[in-house]
1. Helix 252-270 versus the longest principal axis of the chain: what angle, 0 to 90°, nearest 10, using Cα atoms?
2. State the extension gain, in nm to one decimal, for the chain segment bounded by Arg11 and Asp38, taking 0.36 nm per residue of separation less the distance between their alpha-carbons.
3. Top mean-square fluctuation among Gly96, Gly400, Gly71, Gaussian network model of the chain, C-alpha springs under 10 Å?
4. If you take the alpha carbon radius of gyration of the chain and divide it by 2.2 N^0.38 Å, what ratio comes out, to two decimals?
5. Which distance in nm do the two modelled labels at Ala97 and Glu426 give, with both placed 7 Å along the Cα-to-Cβ direction?
6. Residue by residue through region 180-189, what is 3J(HN,Hα) from phi via Karplus (6.51 cos²θ - 1.76 cosθ + 1.60, θ = phi - 60°)? Round to whole Hz and write x for glycine and proline.
7. In the chain, what % of DSSP beta bridges are antiparallel (nearest 5)?
8. Can you give me the distance in nm between label points at Arg168 and Asn123, each placed 7 Å from the Cα along the Cα-to-Cβ direction?
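Here, each number is a calculation from the coordinates, and none is a lab measurement. All of these numbers come straight from a predicted model, not from anything done at the bench. Please note: Cβ atoms are built from the backbone with ideal geometry, for glycine as well, and neighbour counts cover all protein chains shown.
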Amino acid sequence: MSNFLDERRARMTAALPLEDAILVVGAGEPVPLPEGSDQTYPFRSHAEYFYLTGRECSSGVVGFDPRDGAGDDWISFVPEVTESERVWEGRMQTPGAPLAQLGTWLAARGDRPIATLGAPTANALGDAALTKKIRERFTHARRAKDAPEVALIRRAAAATAAGYATLREHLRPGVTERALQIELEAEFFRAGAARPGYGTIVGSGPNAGVLHFEPSARAAQRGEFVLVDAGAEIDRYMADVTRTYVVGEPSAFQRDLFQVVLGAEERAIAKCVPGAEWKEIHLACAIELVGGLVAMGVMRGAPESLVEQEAHTLFFPHGLGHMVGLGVRDASGTLPGRAKDARQSLRTLRMDLPLAPGYVVTVEPGLYFIPALLNDPVRRARFRDCINWPLVEQHLMLGGVRIEDDVLVTTEAPEILTAAIPKTLE
Ligand code: GLY
């Protein structure tokens with residue numbers, strides 16, 4: 001066992017109020033493709049299992065018993081590799097106790113409550129209330145990334161930067177969203193990525209206003225926005241970056257919109273310091289974005305009041321960001337014991353907690369012209385007086401701008417892990 005995994009396990013168990021309970025963490029099972037062949041979706045261990053073991057091991061289970069002496073308190077159960085797996089996949093035996101011994105291990109602790117993390121484990125029926133509490137604490141305890149995790153995110157960010165660096169030469173009228181995806185992802189792979197960390201988003205023209213647009217055969221036209229949201233993944237850790245470009249010469253309106261988002265992003269990043277409440281950074285950013293739209297003549301009124309009325313959600317309908325690392329929304333959520341904010345405009349906020357050193361968060365404000373929101377008669381009536389609707393009509397097909405970086409919270413200034421990726425419109 002690597003030292004960092006020993007340290008990680010010790011840190012986690014110290015943070016968990018297990019008392020006399022045992023902990024069982026499952027990796028999960030491969031998921032067959034629906035057509036019933038012998039094919040499965042690519043297997044990935046559940047993130048909670050991976051965090052504790054650093055390995056992909058379908059059916060693997062890790063157990064922890066606080067009553068066992070230090071050094072014997074963690075045990076890893078692994079399936080026996082089959083001949084077929086050796087022949088077809090070249091798989092080797094994973095070290096650990098045979099999975100068949102899990103039942104005996106559990107039976108020997110039969111009267112004890114069980115907290116189950118990771119994927120469900122067939123033999124271990126967890127106590128639901130205990131499991132909920134333990135998962136909440138576990139998630140919180142792993143929010144601050146340790147040094148090996150930060151090192152992997154840095155590598156993923158470097159591979160992501162290599163991908164983005166290749167985009168500019170391809171950003172010409174006529175290039176398809178799909179072609180941009182191919183060039184970007186090829187460069188991720190060349191720079192050491194195992195895969196893209198999530199489905200690459202490329203939207204040109206009006207598609208730039210679709211928050212998670214899957215790249216299509218659409219060709220970008222001169223003067224259109226192209227929004228790219230993508231990140232490379234290395235050893236299960238990933239970056240999550242968005243840049244927005246214009247093909248050819250931007251219009252004055254596009255430049256202004258871009259500058260509003262860029263300024264809001266930079267000021268939000270500067271606020272990512274220990275103790276800062278994420279929700280407050282989000283709301284302050286919403287006020288800045290609205291202030292920019294007021295200055296551009298798109299909205300009317302006092303920015304604070306417009307955000308209070310939730311008018312910003314017409315153009316900024318998502319949260320400011322989330323945690324990233326072992327998964328694209330890694331360990332986001334609320335502080336243990338904190339209820340989700342009931343405000344309608346905050347329902348898309350992916351986390352609600354104070355920041356702490358070691359947290360890696362995305363900061364990704366955006367402003368979009370989304371016909372599905374802006375053509376909605378209920379919203380048009382509700383926000384009749386605070387929007388310059390004729391101007392909005394002119395830009396309904398403009399798409400949008402999002403700018404996103406990954407930020408490491410430190411005891412000093414926030415560090416932008418994706419700073420090597422230029423934020424210029426052209
Ligand atoms: N940037 C992609 C996502 O957050 O899902």
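1. Once rounded, one gets 40 degrees.
2. Values: separation 27, 0.36 × 27 = 9.72 nm, distance 3.97 nm.
Contour length minus Cα-Cα distance gives 5.8 nm.
3. Of Gly96, Gly400, Gly71, the most mobile in the Gaussian network model is Gly71.
4. Numbers: Rg = 23.9 Å, N = 426, 2.2 N^0.38 = 22.0 Å.
That ratio works out to 1.09.
5. Label at Ala97, label at Glu426, 6.6 nm between them.
6. Going residue by residue, I get 5, 4, 4, 5, 5, 5, 4, 6, 4, 4 Hz, with x marking Gly and Pro.
7. Numbers: 39 of 48 bridges.
So the antiparallel bridges in the chain amount to around 80 percent.
8. Simple spin-label model gives 5.8 nm for this pair.
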